[in-house]
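**Q** Before I ask anything, let me first share the structure, which is written out below as structure tokens.
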Amino acid sequence: MRYRSACVALSLCLATSVPAAVAENAEPTEAARADQSRHLSKSYGEKLKAALVGAMKAGGPESAIAFCNVAAPEMAKQSTVKSGWSLGRTALKVRNPENAPDEWERTVLLEFQDKINQGADAKSLEHYETTTKDDERVFRYMKAIPTQGPCLTCHGSNVSPSVKATIEEFYPDDQATGFELGELRGAFTITQPMP
């Protein structure tokens with residue numbers, strides 16, 4: 001009888017542990033990937049904002065512009081290396097032409113803008129889907145970046161002459177001014193490779 005009880009117990013143990021093992025090795029769902037992307041974009045956004053505000057306090061807006069030119073891309077690169085995913089920022093009106101949206105990103109940005117025009121809060125907007133990029137299956141995620149108070153110093157309608165001069169020095173083809181508080185400034189964009 002003990003042998004039979006042990007066999008039943010072993011069978012139950014194996015039956016419950018196999019699905020757990022399979023689940024651990026299962027491909028993440030879209031919802032799980034979106035949650036991971038949401039966390040990464042939030043973390044990157046908070047670090048970037050803190051660094052920009054710090055640069056602005058230390059050396060004024062001109063210092064923040066120089067920071068954006070050099071350090072912000074490096075911060076994104078570090079997050080990309082750490083996560084294994086592509087992380088960046090894009091917008092319909094870019095400051096850095098290297099951040100110009102691809103076709104998929106542009107479509108999502110236009111959808112965000114349309115939703116904002118209909119009354120949606122930019123802070124709440126995100127989009128994700130599994131799609132293809134460069135003939136590879138990928139998971140893509142975008143989180144809207146609303147224009148906040150500190151952004152207006154360099155991206156607003158009333159940019160000072162010294163800030164304009166610094167922008168022109170670092171970004172001669174700048175398109176990213178004239179924003180108002182709460183408008184869509186751009187979006188974080190993440191691409192996760194799929195097996």
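**Q** Can you give me the angle between helix 2-25 and the longest principal axis of the chain, using Cα atoms only, in degrees from 0 to 90, rounded to the nearest 10?
**A** Orientation of helix 2-25: about 20 degrees from the principal axis.
**Q** Another question, if that's okay. Please name which of Val163, Phe188, Ser43 has its Cα lying farthest along the dipole of the chain towards the positive end, using unit charges on Cβ (Lys, Arg +1; Asp, Glu -1) and the Cα centre as origin.
**A** Ser43
**Q** Please give every one of the aspartates and glutamates within straight-line cross-link reach of Lys93, meaning a C-alpha to C-alpha distance under 16 Å, and leave out same-chain neighbours fewer than 8 residues apart.
**A** By straight Cα distance, Lys93 reaches Asp102, Glu103, Glu105, Glu111, Asp114, Glu168, Asp173, Asp174, Glu180, Glu183.
**Q** What percentage of all Cα-Cα pairs in the chain are separated by more than 30 Å?
**A** For the chain, the fraction of Cα-Cα distances above 30 Å is 33 percent.
**Q** I would also like to ask the following. Using just the helices of the chain, give the 222 nm mean residue ellipticity in deg cm²/dmol: DSSP H runs with n ≥ 4 each add -39,500 (n - 2.57), and the total is spread over all residues, rounded to 500.
**A** Details: 5 runs with 107 residues, N = 195.
Calculated at 222 nm, the ellipticity per residue is -19000 deg cm²/dmol.
**Q** With a probe of 1.4 Å, find how much accessible area the chain has per residue, and write the answer as a whole number in Å². All intermediate terms of the calculation are to be shown ahead of the outcome.
**A** On the way: 11650 Å² over 195 residues.
Heavy-atom SASA per residue in the chain reads 60 Å².
**Q** Here is a further query. With charges set only on the Cβ (+1 for Lys and Arg, -1 for Asp and Glu), what does the dipole of the chain come to about its Cα centre, in debye to the nearest 20?
**A** In total the dipole reaches around 920 debye.
**Q** First select every other residue whose beta carbon is under 14 angstrom from the beta carbon of Pro161; then total the charges, Lys and Arg +1, Asp and Glu -1. The partial results should precede the final answer.
**A** Working: positive: Lys164; negative: Glu62, Glu168, Glu169.
Here the count lands on -2.
**Q** Could you please report the charge total around Leu181, scoring K, R as +1 and D, E as -1 over all other residues with beta-carbon less than 14 angstrom from its beta-carbon?
**A** Net charge around Leu181: -1.
**Q** What angle do you read, to the nearest 10 degrees and between 0 and 90, between the alpha-carbon axis of helix 161-170 and the longest principal axis of the chain?
**A** 60 degrees
**Q** Relative to the longest principal axis of the C-alpha atoms of the chain, give the angle of the C-alpha long axis of helix 30-83, reported between 0 and 90° and rounded to the nearest 10°.
**A** Between the helix axis and the principal axis of the chain, the angle is about 30 degrees.
**Q** Now for a separate question. Just to confirm a number: summing +1 for Lys and Arg and -1 for Asp and Glu over residues other than Ala51 whose beta-carbon lies under 12 angstrom from that of Ala51, what do you get?
**A** +1
The values are calculated or read from the model by the stated rules, or taken from the named source; none is laboratory data. In this text, all values refer to a predicted model and were calculated from it rather than measured experimentally. Backbone-built Cβ (ideal geometry, glycine too); neighbour counts: all protein chains shown. Quick note on the areas: whole protein, heavy atoms, side chains included, nothing else; ligands and nucleic acids left out. Shrake-Rupley method; radii C 1.70, N 1.55, O 1.52, S 1.80 Å.
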